[in-house]
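Have a look at the structure below, then the notes.
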Amino acid sequence: MNYLIGAGGHGLVVLDVLLKQDIHIDGFIDSGAKHDPIRGISCYPQAETTIGEADQVIISIGSNTIRKKLAAAHAGRFLTAIHPTAIIDETATIGEGSVVMATAVLNARASIGRHVIINTGAIVEHECVIADYAHISPNATLCGNVHVGEGSQVGAGAVVIPNIRIGSGSMIGAGSVVIRDVPNNTLVFGNPARAIKELPGF
């Protein structure tokens, strides 16, 4: 059986990606499920659903922290969703449970960790490394050899110049231009991006 954990807006987009891959989905699992089918697919409350070791799931929740928590608690196998319009170099690698949305680009030797979101139209250039549970938001651009730490998010439309290191648990504000390394657990914003505040540890 194949399930999506999370029936919110992000889950709907992930569902579309999987269906375009011709992957059959047996149901959504969501603690706030209303039992109304979504595109003909049943939605089940978390408390009433048992996922077996042979079942496959994808955690279709936008929160990096929640994806990490649910992945650690899951005993089965993970699906990976890749939209057919994504452009992925044959030397790029993608970890289990990750999602690559429509028109995203992964260039040569890009390395995508587990349970990562590469959102619509994002560009991940050559030799970038995206650690587990990170999120590259719509239309963000990572130039060559950028490293994004575990659980960090690069906001929509942000640009990160080559060879930058972004620590774990950090957030790059939408539209920012990052020209220097970002420490762990730091919110940065602006052009050029500057530290705004410290964030809780991921």
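Name every residue in the range 120-167 that is part of a loop (DSSP other than H, G, I, E, B) and of a type in the set (D, E, K, R), in order of residue number.
Taking the range 120-167 first, the residues part of a loop (DSSP other than H, G, I, E, B) are 120-122, 125-128, 131-134, 137-140, 143-146, 149-152, 155-158, 161-164, 167.
Residues satisfying the conditions are 125, 127, 132, 150.
For the structure I just gave you, tell me whether residue 87 is β-branched (Val, Ile, Thr) and surrounded by 19 or more Cβ atoms within 10 Å (Cβ to Cβ). For residue 87, the condition - β-branched (Val, Ile, Thr) and surrounded by 19 or more Cβ atoms within 10 Å (Cβ to Cβ) - is not met. Remark: pairs (first residue in the range 105-118, more than 23 Å from residue 12 (Cα to Cα) and in the same structural domain as residue 86 (by TED's automatic domain parsing); second residue of a type in the set (Gly, Ala, Ser) and at pLDDT 95 or above; Cβ separation under 6 Å; 6+ apart in sequence or on different chains) = 110/92.
Residues checked against (1) at pLDDT below 95; (2) buried (at least 16 other Cβ atoms within 10 Å of the Cβ):
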{"position": "36", "(1), (2)": "yes, no"}
{"position": "44", "(1), (2)": "yes, yes"}
{"position": "60", "(1), (2)": "no, yes"}
{"position": "92", "(1), (2)": "no, yes"}
{"position": "95", "(1), (2)": "no, yes"}
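Selection of first residues in the range 175-199 that are within 18 Å of residue 143 (Cα to Cα) and at pLDDT 95 or above and of second residues that are exposed (fewer than 15 other Cβ atoms within 10 Å of the Cβ) and of a type outside the set (A, V, I, L, M, F, W, C), restricted to Cβ pairs under 6 Å at least 6 apart or on distinct chains, gives the following pairs, ordered by first then second residue: 176/190; 177/191; 177/192; 179/192.
Which of the residues spanning the range 78-89 are more than 15 Å from residue 24 (Cα to Cα) and outside any loop (DSSP other than H, G, I, E, B)? Walk me through it before giving the result.
Let us first name the residues in the range 78-89 that are more than 15 Å from residue 24 (Cα to Cα), namely 84-89.
Of everything in the range 78-89, those that are more than 15 Å from residue 24 (Cα to Cα) and outside any loop (DSSP other than H, G, I, E, B) turn out to be 87, 88.
Just to be sure, is residue 25 outside any loop (DSSP other than H, G, I, E, B) and modelled with pLDDT of 90 or more?
Numbers: outside any loop (DSSP other than H, G, I, E, B): no; modelled with pLDDT of 90 or more: yes.
Here the answer is no, as residue 25 does not meet what is asked.
Among the residues of the range 86-108, count how many are under 27 Å from residue 55 (Cα atoms) and among the polar types (S, T, N, Q). Total satisfying the criteria: 2. Looking for something under 24 Å from residue 184 (Cα atoms), in a helix (DSSP H, G or I) and of a type in the set (Lys, Arg) - is there at least one such residue anywhere in the range 109-117? The answer is no, given that none of the residues of the range 109-117 is under 24 Å from residue 184 (Cα atoms), in a helix (DSSP H, G or I) and of a type in the set (Lys, Arg). Being at pLDDT 90 or above and touching a strand residue (DSSP E or B) at 6+ places or on another chain (Cβ under 6 Å) is true of residue 117.
The listed residues are 79, 18, and the only one of them that is in contact (Cβ under 8 Å) with a residue 60 or more places away in the chain, more than 14 Å from the chain's Cα centre (by Cα), more than 19 Å from residue 154 (Cα to Cα) and surrounded by 21 or more Cβ atoms within 10 Å (Cβ to Cβ) turns out to be 18. Being more than 22 Å from residue 183 (Cβ to Cβ), in a loop (DSSP other than H, G, I, E, B), aliphatic (A, V, I, L, M) and out of contact with any Lys or Arg (no Cβ under 7 Å at 6 or more places or on another chain) holds for only one residue in 72, 102, and it is 102.
The values are calculated or read from the model by the stated rules, or taken from the named source; none is laboratory data. Keep in mind the model is a prediction, meaning the values are calculated, not measured. Note: ideal-geometry Cβ built from the backbone for every residue, glycine included; neighbour counts use all protein chains shown.
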